[in-house]
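Heads up, the thing below is written out as structure tokens.
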Amino acid sequence: MKHEVMYQGAFALLKLQMNPGEVVKAESGAMVSMSPNVDVKGTMDGGIMAGLGRMLSGETFFFQELSANRGGGEVLLAPKSMGDIQAVELDGSYSLYVQKDGFLAGTSGINVNTKMQNLSRGLLSGEGFFIIEISGQGTVFLASYGSIHAINLEPGEERIVDNGHLVAWPNYVNYTVEKASKGWLSSLTSGEGIVCRFRGEGIVLIQTRNPAGFGSWIKKFLPGGR
């Protein structure tokens, strides 16, 4: 199906031109507008255990499934937060790890599951013990807070990323979760705390804004927030 990301940047909108019989699954509540010949329904996609796993990773229990059952049609989708949308083509040879709230939609053939991180990564990463794992063949549409920037890592190249700015990375890219500085006090006082160290080859997608940072900033303006 044809897709277009409109108003890229802070307020992106995804337009899908669906052919007859095509199906798209999206995060719950993502539909903004659709043609009258497109049907929408809630689905657990994988059963109760899969739904519970998605909840543990920060996603919703249900997806919405949009089907062009009575001819082609147009669907408009938008994420919950202010930010960008990026399409990623998966060929089935690897899976994509995605931060919570990063999945917006996927074409048929895309599977959304959860992967359990080891103890140290789960405790330190800020994402918890479960992260989203997207696999299969098709197109997945990722949402971010702020714009999306791609870091292209050459073989053996390393890059450190603040964990609050992560969007997605392929499962074949090695990563570790560690302190931003050598000591805990220095890491905390620097304002960074925990970071992820990636080692290429591969592409790591990051977002230009940190949701936790925005939450701390806006809290100052609320009564009793200081």
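Every number in this text was worked out from the coordinates using simple rules, so none of it is lab data. Predicted model, so just to flag it, every value in this text is computed and none were measured. Don't worry about glycine lacking a Cβ; one is built from the backbone with ideal geometry, like all the others, and counts go over all protein chains shown.
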Exposure proxy ranking, count of Cβ atoms within 10 Å, fewest first, for T43, T139, T208: T43, T208, T139
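Can you put D39, D101, D91, D84 in order, fewest other beta carbons within 10 Å first?
Working: D39 14, D101 21, D91 8, D84 24.
Going from least to most buried by this count: D91, D39, D101, D84.
Going by how many other Cβ atoms sit within 10 Å of their own, how do K25, K115 line up, fewest first?
Working: K25 20, K115 15.
Least crowded to most crowded, the residues run K115, K25.
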Cα centroid separation, the range 132-157 to the range 193-226 (Å): 17 Å
Inter-part distance where the range 7-30 and the range 66-120 are each reduced to a Cα centre, Å: 10 Å
Entries of K80/K179; K15/K80; K25/K220 with Cα pairs more than 26 Å apart: K80/K179; K25/K220
